[in-house]
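These notes are about the structure you will find just below.
The values are calculated or read from the model by the stated rules, or taken from the named source; none is laboratory data. These numbers come from a predicted model, not from an experiment. With ideal geometry, Cβ positions are generated from the backbone for all residues, glycine too; neighbour counts draw on all protein chains shown.
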Amino acid sequence: MQKPSPASPATKVKFFSGEDLPLELHKVRVVQKLHLVPVERRLAAITEASFNTYQLSTRDIYLDMLTDSGVNAMSDNQTAAMHRADDAYAGSQSFTRLRDAVEEVLGKKYLLPVHQGRAAENVISRAFVKPGSILPMNYHFTTTLAHIMENGGKVVELLHYPDALQISSTNPFKGNMDIAALEALIARHGPAQIPFIRMEASTNLIGGQPFSIANLREVRRVADKHGILLVLDASLIGENCYFIKKREPEFKDASVGEILKVMCDLCPLVYFSARKLSSSRGGGICTNDKAIYDKLKNLVVLFEGFVTYGGISVREIESMTVGLHETTDETVISQSPSFIEYFVNEAVKRGVPMVTPPGGLGAHIDAGGILPHVPREEYQAGAFAAALYIAGAIRGMERGTVSSVRDENGKDVLADIELLRLAFPRRVFTLSQTRYALDRLHWLYLNRGLIGGLKFVEEPPVLRFFNGRLAPTSDWPQKLAAKFREDFGDSL
Ligand code: F0G
C-alpha cells in the first residue's frame, strides 16, 4: 500500500452477553409484505414449477434466497438520486455522474454501460474470443462460459485443486489462481491463442470465495510477461475486498475503497453486473485503455444502446452511481458476509455440511454430502433446492449439475460440487428470518433420507437451469410434505 491507511470504522459489535450476532447497521423504512403459504400449497407450487425454483412465483415464496442479483435493498440516497435522473438518449448528465463515480471508485476513466453483467460478457467475448481461443480463469461463471462457448472459445479453470473445491476448508483464498498451472497452460498453447485471462472476484460457483491481492499480482506478472490482457469480473468485488481486509495481513488497516483501487489497478479491463456491485440494475465495462474502449464501443451501440445509457434506465444509472460510492463503506459491504458467516457457523454446529470458510453472496450447502443416496445423475442439488422449498417456502438456487452442460455425446458434465446456494441479498433479511431458514434447514437435514432425485422432462439447449422442467423420480415430495405436517402440526 502506498497511501497511509486511515482508521476504518469498526463493523463488529460486541454483545455484553457474549453472544456472537451480526448486527444491522441500518434501519428499515420501506417494507414489503410476505406470505408464508402452508406446506400443501408449497408442494403444489413446486410441482407447478416443475421442480425448478426459477419457475416459482414470489406469491408462493417466504424467503427469496435465489440470488443477490438486482434484489439488494437500496439506500435512501440511492432512491433519492433516482429522482434527479436526466432522461436523454445521448449526452445524459446521469451518465456523466456514473462515469465520474467509476473513475473515483474503480480508477477507470473509460466506461461503457451495458444492460447487465452477461451483456458485458457478450461484448467482451465477441471482441476477443475466436474459434480455438483458450480462456484461462480462476473458475467459470455460467453466463461467462456460455458466451465464450458461443464464440468458439474454451474455458480452462485454474484454481488450486483440490483445495479450492474442498467443501470444508480453512483456506482463506479458495478463489486464487494456480500460477504454475497458468504458466504451463501458456507454455502449452502459446500466448497468441489466449486473448485474455479472467479473474472472478468472490468466485461465485465455488461458494463466493475470494482471491488475494498477492495472487492477483502474480497473475498480472505472468500476463505482462506474455503480453496477455487481464480481465476482472468485478460483480462481487466489494465482498472480495472485505475478505482481503479480514484475511490478508498486508491490508488489515486499509479501507475497502483502497483495496478496491488496488484490485482494479492490476486489471486493465474490468466489467461488472451492477445488479450485484452497486446494489442496482445494469452493468458496465471500464478501462483506461482507449484502444480497448474503441474496440468495444461499436459492439455496445449494436447490442446495448447508445454509449451514454447502454440499455439501462437513467434512474438506475443514478442509483448505480450512489451504490458504487456506497460499496466503499465497510458498514454496507460487511452486512451480507456477516449474516452469511453467522448462518454457516450455526448450520455447521447443527451438523449440516456447508462450504467453509463462509464466502460472499450466500451460504452454500453441500447437497452432495447430504444426499449420498441420490445418484449424481439425479441432480442432488436440484432435489435439495426443491426439498428446502417444501420445508420452508425458502427459495435457493441450484449450483450443481443442473447448472452444468452436456458433453458432445449428450452426457451430463457432472459439476465439481453439488451446492445449494442460499443468497443473502444485502440488508434484506432480518436475523429472525435468518434463524427461521436455519431451523427449516436443520429439520430437512434430519429428514434427508426422505429426499429423492429429479430427472429432466424438458431441457433447453443453453443455460438449461433457467427454464428447464424436471420431475421427481418417485413420490418423495409427497412423503416429505406429509412428514412436515406430522412434525409441525397445523403450523405454517
Ligand atoms: N459474473 C458473475 C460473477 C455473476 O455472479 C453474474 C451473475 C454475472 C457475471 C452475470 O451478471 O446476471 O447481471 O447478467 N450472477 C447472478 C447470480 C445471476 O445469481 O449469481 P448478470
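May I ask you to list the residues in region 185-210 that are farther than 15 Å from Gly238 by Cβ, in a helix (DSSP H, G or I) and within 12 Å of the ligand (Cβ to nearest atom)?
The answer is Leu205, Ile206.
Leu106: crowded, with 22+ Cβ neighbours inside 10 Å and over 20 Å from the mean Cα position of the chain (by Cα), yes or no?
No: the conditions fail for Leu106.
Given region 75-183, what helices (runs of 4 or more DSSP H) lie entirely inside it while holding 1 or more residues that are in contact (Cβ under 8 Å) with a residue 12 or more places away in the chain and either more than 16 Å from the ligand (Cβ to nearest atom) or within 30 Å of Val30 (Cα to Cα) (or both)? Explain how you work it out, then say what you get.
Details: elements: 76-82, 93-106, 117-128, 142-150.
Answer list for region 75-183: 76-82, 93-106, 117-128.
Would you point out the residue of region 282-301, among those that are away from the ligand (no atom under 14 Å from the Cβ) and buried (at least 19 other Cβ atoms within 10 Å of the Cβ), that is farthest from Ala80 (Cα to Cα)?
Ile292
When you scan region 353-365, do you find a residue that is surrounded by fewer than 24 Cβ atoms within 10 Å (Cβ to Cβ) and more than 30 Å from Ala49 (Cα to Cα), even just one?
Yes: region 353-365 contains one or more residues that are surrounded by fewer than 24 Cβ atoms within 10 Å (Cβ to Cβ) and more than 30 Å from Ala49 (Cα to Cα).
Those residues that are assigned to a loop (DSSP other than H, G, I, E, B), crowded, with 24+ Cβ neighbours inside 10 Å and acidic (Asp, Glu), I need them from region 386-437; list them, please. Reasoning before the result, please.
First, pick out the residues of region 386-437 that are assigned to a loop (DSSP other than H, G, I, E, B): 393, 396, 400, 404-405, 407-411, 413-418, 424-430.
Applying the additional criterion that residues be crowded, with 24+ Cβ neighbours inside 10 Å yields 393, 396, 400, 418, 424, 426.
Of everything in region 386-437, just one residue is assigned to a loop (DSSP other than H, G, I, E, B), crowded, with 24+ Cβ neighbours inside 10 Å and acidic (Asp, Glu), namely Glu418.
Could you list, in sequence order, the residues of region 238-276 that are within 16 Å of the ligand (Cβ to nearest atom), more than 19 Å from Gly323 (Cβ to Cβ) and in contact with a strand residue (DSSP E or B) (Cβ under 7 Å, 6 or more places away or on another chain)?
Passing the criteria: Cys267, Leu269.
Return the residues of region 404-423 that are of a type outside the set (Asp, Glu) and within 16 Å of Thr53 (Cβ to Cβ); say none if nothing qualifies.
Selection gives Leu419, Leu420, Arg421, Leu422, Ala423.
Among the listed residues Ser279, Ser235, which satisfies the condition of being within 12 Å of the ligand (Cβ to nearest atom) and part of a loop (DSSP other than H, G, I, E, B)?
Working: Ser279 fails: within 12 Å of the ligand (Cβ to nearest atom).
Just one listed residue meets the conditions, Ser235.
Do you know which of the residues in region 48-61 that are out of contact with any helix residue (DSSP H, G or I) (no Cβ under 7 Å at 6 or more places or on another chain) and in contact (Cβ under 8 Å) with a residue 60 or more places away in the chain is farthest from the ligand (Cβ to nearest atom)?
Among them, the one singled out is Ser50.
Given the structure, is Ile244 at pLDDT 95 or above, β-branched (Val, Ile, Thr) and within 27 Å of Arg99 (Cβ to Cβ)? Steps first, please.
On the way: at pLDDT 95 or above: yes; β-branched (Val, Ile, Thr): yes; within 27 Å of Arg99 (Cβ to Cβ): yes.
When the stated conditions are applied, Ile244 passes them.
Could you grab me the full set of residues in region 394-434 that are among the aliphatic types (A, V, I, L, M), away from the ligand (no atom under 16 Å from the Cβ) and touching a residue at least 24 places away in the same chain (Cβ under 8 Å)?
The answer is Val405, Leu414, Leu431.
Whether any residue in region 288-308 is of a type in the set (Phe, Trp, Tyr) and either touching a helix residue (DSSP H, G or I) at 6+ places or on another chain (Cβ under 8 Å) or assigned to a loop (DSSP other than H, G, I, E, B) (or both) is what I want to check.
From region 288-308, those of a type in the set (Phe, Trp, Tyr) are 293, 303, 306; that's our starting set.
Okay, now just the ones that are also either touching a helix residue (DSSP H, G or I) at 6+ places or on another chain (Cβ under 8 Å) or assigned to a loop (DSSP other than H, G, I, E, B) (or both), so 303, 306.
Within region 288-308 (the criterion being of a type in the set (Phe, Trp, Tyr) and either touching a helix residue (DSSP H, G or I) at 6+ places or on another chain (Cβ under 8 Å) or assigned to a loop (DSSP other than H, G, I, E, B) (or both)), the answer is yes, since at least one residue qualifies.
If you scan region 256-270, which residues turn out to be over 19 Å from the mean Cα position of the chain (by Cα) and either of a type in the set (S, T, N, Q) or not in a helix (DSSP H, G or I) (or both)?
Passing the criteria: Leu266, Cys267, Pro268, Leu269.
Here are the criteria: (1) in contact (Cβ under 8 Å) with a residue 40 or more places away in the chain; (2) part of a loop (DSSP other than H, G, I, E, B). Tell me which single one Pro372 does not satisfy.
(1)
Just to be sure I understand, how many residues within region 219-263 are acidic (Asp, Glu) and surrounded by fewer than 18 Cβ atoms within 10 Å (Cβ to Cβ)?
3
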